[in-house]
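Here the structure comes first, spelled out in structure tokens, and everything after it is commentary.
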Amino acid sequence: MGFNTTAIHGGFIDQEKKAVNYPIYLSSTFAQPDVEHEGEYCYSRGNNPTRASVEKLAADIEGAKHGIATSSGMAATSLVFELLNKGEKVLINDNVYGGTWRFVSNLFEKRGVEYEIVNNFNDYDFDKVDENVKMVFIETPSNPLLEVTDIRKVADAAHKKGILVVVDNTFMTAYLQKPLDLGADIVEYSATKYYGGHSDILAGLVILNDDELFTRLKFINNTLGGILSPIDSFLLQRGIKTLGVRLDRHLSNAQKIAEYLEGIDATEEVYYPGLKSHKGYELQKKQANGAGAVISFKFNENSYDLDKFVSKLKLFSFAVSLGGVESLICRPSTMTHESYAKELQEKIGITSNLIRLSVGIEDVEDLIKDLDDAFNYSRK
């Protein structure tokens with residue numbers, strides 16, 4: 001079946017009442033058949049029918065065997081990092097979601113876990129990797145600089161050393177990019193973003209094929225309790241049904257806006273892997289079916305006033321997050337990536353004039369006019 005058909009018809013089917021939408025099971029506990037046997041469902045932290053349905057759906061659209069739904073994207077990331085033991089090390093690209101960096105830079109030391117920041121995984125020499133490296137954690141395209149990593153190349157090199165490869169695929173979704181097919185072991189999502197798609201839930205997903213890893217992660221998630229609620233599971237499943245059609249519009253809008261931004265003097269540089277000027281353009285075309293709907297650019301503060309620009313916007317809300325139907329704008333250095341030390345921000349390129357757009361599905365002519373009006377208003 002095609003992606004959209006799977007997204008609509010995947011997951012569980014209500015065999016009893018034939019409901020078109022799988023029901024919300026709000027019960028915290030389930031009666032057991034007898035003293036000697038445990039039923040399919042016992043306690044909702046361990047398993048819940050509504051959550052199990054969306055977990056199956058998420059795995060279905062990925063073409064994978066297993067899915068785990070968590071209470072947020074960071075709960076998914078935290079769950080994956082629980083696979084690391086004391087003395088082990090993870091390699092992570094230098095610009096990732098600020099919450100991920102906050103976890104790595106603040107909590108790993110207490111747990112005795114090490115990390116190494118990698119500027120460019122495409123050029124990384126795995127032959128010289130430390131023996132205690134047990135995981136590679138990649139965002140591609142990265143957040144917020146939209147750098148593209150060759151998943152297959154990294155996975156092949158890492159696996160020769162017995163290293164687990166994890167890809168945060170939040171910006172792409174399974175509709176545009178399937179890391180497991182490219183060799184990754186685990187793919188994770190902040191399902192708050194495109195999977196939910198309406199900025200009304202917090203959710204995370206961990207998707208994989210390996211049975212042993214799944215059993216470990218399922219046990220850890222049940223033990224720690226970072227599970228997705230039945231209501232949020234229902235909303236997430238509803239969001240996934242329209243993922244493909246929404247992303248088609250997201251991508252179309254983002255491409256036109258990126259081209260607009262590249263052609264004006266209000267921007268110093270535009271970061272979007274759908275532009276031929278982007279250094280990862282060809283690689284993105286090779287491993288994904290689109291460039292996504294997040295655009296970053298350097299604002300020309302010599303000729304334009306950033307405060308006035310933001311204040312004039314009517315359709316782009318000044319807010320963190322991304323992936324909803326509405327368009328958002330933020331400044332990563334003081335918002336999404338504030339957890340990075342100032343020196344590291346500057347070294348990586350997360351400067352004070354770096355702006356990130358999450359392009360929604362409004363009429364693109366209105367979005368471009370909104371940006372254009374704000375740029376004109378803010379000209380010095």
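The values are calculated or read from the model by the stated rules, or taken from the named source; none is laboratory data. Keep in mind that what you see is a predicted model, and the values were worked out from it rather than measured. Using ideal geometry, Cβ is built from the backbone for each residue, glycine included, and neighbour counts are taken over all protein chains shown.
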Residue, surrounded by the fewest Cβ atoms within 10 Å (Cβ to Cβ), within the range 349-376, restricted to residues that are of a type in the set (D, E, K, R) and under 23 Å from the mean Cα position of the chain (by Cα): 362
Neighbours by Cβ (under 6 Å, 6+ apart or cross-chain): first from the range 164-181, touching a residue at least 40 places away in the same chain (Cβ under 8 Å); second of a type in the set (Phe, Trp, Tyr) and part of a loop (DSSP other than H, G, I, E, B): 173/194
Flag if residue 355 is under 30 Å from residue 195 (Cβ atoms) and touching a strand residue (DSSP E or B) at 6+ places or on another chain (Cβ under 8 Å): yes
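Any idea how many residues of the range 180-229 are in a strand (DSSP E or B) and either in contact with an Asp or Glu (Cβ under 9 Å, 6 or more places away or on another chain) or surrounded by fewer than 18 Cβ atoms within 10 Å (Cβ to Cβ) (or both)?
10
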Inter-residue pairs, beta-carbon under 8 Å, first of a type outside the set (Phe, Trp, Tyr) and in the range 96-121, second in a helix (DSSP H, G or I) and modelled with pLDDT under 95, 6+ apart: 98/332
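Based on what the data block shows, is residue 131 of a type in the set (Asp, Glu), more than 19 Å from residue 70 (Cβ to Cβ) and surrounded by 23 or more Cβ atoms within 10 Å (Cβ to Cβ)?
Criteria not met by residue 131.
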Residue match in the range 303-310 (condition: in contact with a Leu (Cβ under 7 Å, 6 or more places away or on another chain) and at pLDDT 95 or above): no
Subset of the range 77-99 that is at pLDDT 95 or above and of a type in the set (Ser, Thr, Tyr) - its residue that is surrounded by the most Cβ atoms within 10 Å (Cβ to Cβ): 77
Set 308, 298, 285: member being touching a Ser or Thr at 6+ places or on another chain (Cβ under 8 Å), basic (Lys, Arg), outside any strand (DSSP E or B) and farther than 25 Å from residue 199 by Cβ: 308
Criterion: over 25 Å from residue 320 (Cα atoms) and either touching a Gly at 6+ places or on another chain (Cβ under 7 Å) or at pLDDT 95 or above (or both) - qualifying residue of 38, 109, 114, 16: 114
Qualifying residue in the range 25-45 (condition: within 22 Å of residue 207 (Cβ to Cβ), of a type in the set (Lys, Arg) and not in a loop (DSSP other than H, G, I, E, B)): no
